[in-house]
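Novice: Okay, handing you the structure first.
Derivation of every value follows stated rules applied to the coordinates shown; laboratory data play no part. The shown structure was predicted, so the numbers you read here are calculated from the model rather than taken from an experiment. Cβ: placed from backbone, ideal geometry, glycine included. Neighbour counts: every protein chain shown.
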Amino acid sequence: MDKAASQKRGIIYRALTVIAVVLLATAYFQPGWWVSLKAPNYPEATFPQGIKILFHMDSVRNGCEIRDSAEVDETEALNCVHEMDTINHYVGMYPIASGGPVEKAFSPFLFAMIGVMALAFAAPGRRSRVVVSVAGYGAIAVWMTMAVWGENGAAKHTPGYLEGLVVSLGQDASDEIKDQDLSPVVQMLRQSLAESEGEGADETAKADVASGDRTALMATLKSAYETDQRKLPEAERDEWTGSLMQVFRWHYARSLGLWFNEPERNDPLVATMTTVAKVLYWVVLAAMAFMVFAALSTGRIFYWLLVLVPAAVPVGFLAEYAGWLWWYGHSLNAMGAFTLKPFMPTVFGDGKVAQFSTHSYPDIGFGLMVAASVLLLLAALIRRKQLANAGDAARAM
C-alpha cells in the first residue's frame, strides 16, 4: 500500500473518531431511556403518555409534558418523577433517586475520560497522543478532585444533576423549606425578609432554580441539608461544605428514607455506596494514569483500549440500567402497602405489574451512543488495517 492510501485511511479513521466523540458528548445531555406506567386510573385523555420518566446520564427527569387541550388550561406539567415514586412506594420500591447514585455523581468525569481516550486514539503519532492524554486526564483529575472534595464542589457538576437532586427531595425546585422545620429566629427572619422584599424576589428565586441556575440549586440543597442537620443531636451534626461527596452521601440517605425510614436497613446501604464512591474516585485516577501508558504504544493490546472502551458505552449503559432495575425489583420493603414477590422490571418492551402496564424503550441518547459505537468500531478496523499494511511494507523492505 502506498503512502497516499495510508494517509487517506488515517484521515478517515480520525474523522470517524472525532464525529463519534461529538455524538457521545451530545448523548450525555440527552435522555438515554424512558419508562412509562399506564393504568385505568390514569386515563389517556389526561396522561397521553402515561406516567413517564426520562433516564439521563446524570439524573432521572420528568417525562410528562403540558397538555395541549381546549378543555384544560395547564401552565405546568405534572411531575411524573414524584408520581412514579408515589406509585412505586405502595409496593415497597425505593424512590427513583436511590438508584445509581455513584454512577450519576461520577458521570461527567467518566464521560470526559472516555472522550479523551477516543481523542488520544485519533491523535497522529505517539507524541501527540501523550500530549492529549496528559493534558486531558490532568484537567479531569483537577476538576474531579475539586468537585468531589472541594468546598461547594457539587456546583461543578451539571445543572441537570443538581436539579435532579432538588426534585427528588420530595419538594419541587420552587418549593420552600417548611416553616415548622426552621428555628423560631429563622422563621422571624424569613417573615421579615418576605415583607420587606415582596413577592417579586420570591418568584425570581423560584425562576432561578427552575431554570437550572447552579447558585439557586445549591442554595436549595444547602437549606434542605441544614434542616436535616437540625433534627440531629448537636454532637452528630456536620457543617455544610457542599462537596460532591457530602451532598451525595446525605442525599442518598435522604432518598432511601423518603418513604421507608429504616436506619438499620438504610445505613448499611449508605455506607456501602459511600465506600464505592471513594474507591471509584481512586479507580478513575488510576485508570487515567494507565491510559497515558496505553497511549505510548501503537497497535498493541493496551493501545486498542483507547477506542474499544468508548465503543462499549451503550453496552455499559444497558448493563447498569438492567442491574439497577433488578435491584429495585429485588429490594422491596415490607413497609409497602401491598406485598409483591421479588421481580425483574421490564428492561426493554412492554410488561405488566399489578394493574399497571409498563413500557421501557431507548431514547435519543441511546441511539447516539450506538451510532458513536458503530463509528468507533469502524475507525478501529480502518486503523488496524492501516497498521497491518504498514507492518507488511516494513517487513518487505
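Novice: With 10 angstrom as the radius, rank 226, 83 by how many other C-beta atoms surround their C-beta, starting from the fewest.
Specialist: Values: 226 16, 83 19.
Exposure proxy ranking, most exposed first: 226, 83.
Novice: If each residue of separation counts as 0.36 nm, what is the full-extension length gain between residue 142 and residue 389 once their alpha-carbon separation is subtracted? List each step's numbers first, then the result.
Specialist: Numbers: separation 247, 0.36 × 247 = 88.92 nm, distance 4.02 nm.
Length gained, residue 142 through residue 389: 84.9 nm.
Novice: Taking neighbour counts of Cβ atoms within 10 Å as a proxy for exposure, in what order, fewest first, do 34, 304 appear? Intermediate results must be reported in sequence, preceding the final value.
Specialist: Values: 34 20, 304 17.
The fewest-first ordering by Cβ neighbours comes to 304, 34.
Novice: Using the Cβ atoms and a cut-off under 11 Å, what net charge is assigned to the surroundings of residue 240, where Lys and Arg are +1 and Asp and Glu are -1? Numbers along the way, then the final one.
Specialist: Working: positive: 222, 237; negative: 151, 226, 228, 238, 239.
Net charge in that neighbourhood comes out at -3.
Novice: Name the residues of the range 88-108 whose amide N is less than 14 Å from a point 7 angstrom out from the Cα of residue 337 along the C-beta direction?
Specialist: Flagged as within label range: 88-93.
Novice: May I pose another question? For the range 316-334, list residues with backbone N below 13 Å from a point placed 7 Å from the Cα of residue 265 toward its Cβ?
Specialist: Residues passing the 13 Å test: 328-334.
Novice: Do any of 156/278; 52/156; 278/352; 52/104; 38/231 go past 27 Å between their Cα atoms, and which?
Specialist: 52/156; 278/352; 38/231
Novice: Treat each spin label as a single point 7 Å out from the Cα along the C-beta direction, and report the residue 347 to residue 22 distance in nm.
Specialist: 3.3
Novice: For the range 322-353, which chymotrypsin sites (Phe, Trp or Tyr not before Pro) pass both filters: DSSP loop (anything but H, G, I, E, B) and at most 16 other C-beta atoms within 10 Å? Show your work: numbers first, answer last.
Specialist: Working: sites: 324, 326, 327, 328, 338, 343, 348; in loops: 338, 343, 348.
Sites meeting the loop and neighbour criteria: 338, 343, 348.
Novice: Report the label-to-label distance for residue 381 and residue 239 in nanometres (one decimal), using points 7 Å from each Cα along the Cα→Cβ vector.
Specialist: Placing both labels 7 Å along Cα→Cβ, they lie 6.0 nm apart.
Novice: With an 8 Å Cα cut-off and a minimum separation of 6 or more residues, compute the relative contact order for the range 246-394 in percent.
Specialist: On the way: 84 pairs, mean separation 29.0, N = 149.
Taking the mean separation of contacting Cα pairs over the length of the range 246-394, I get 19 percent.
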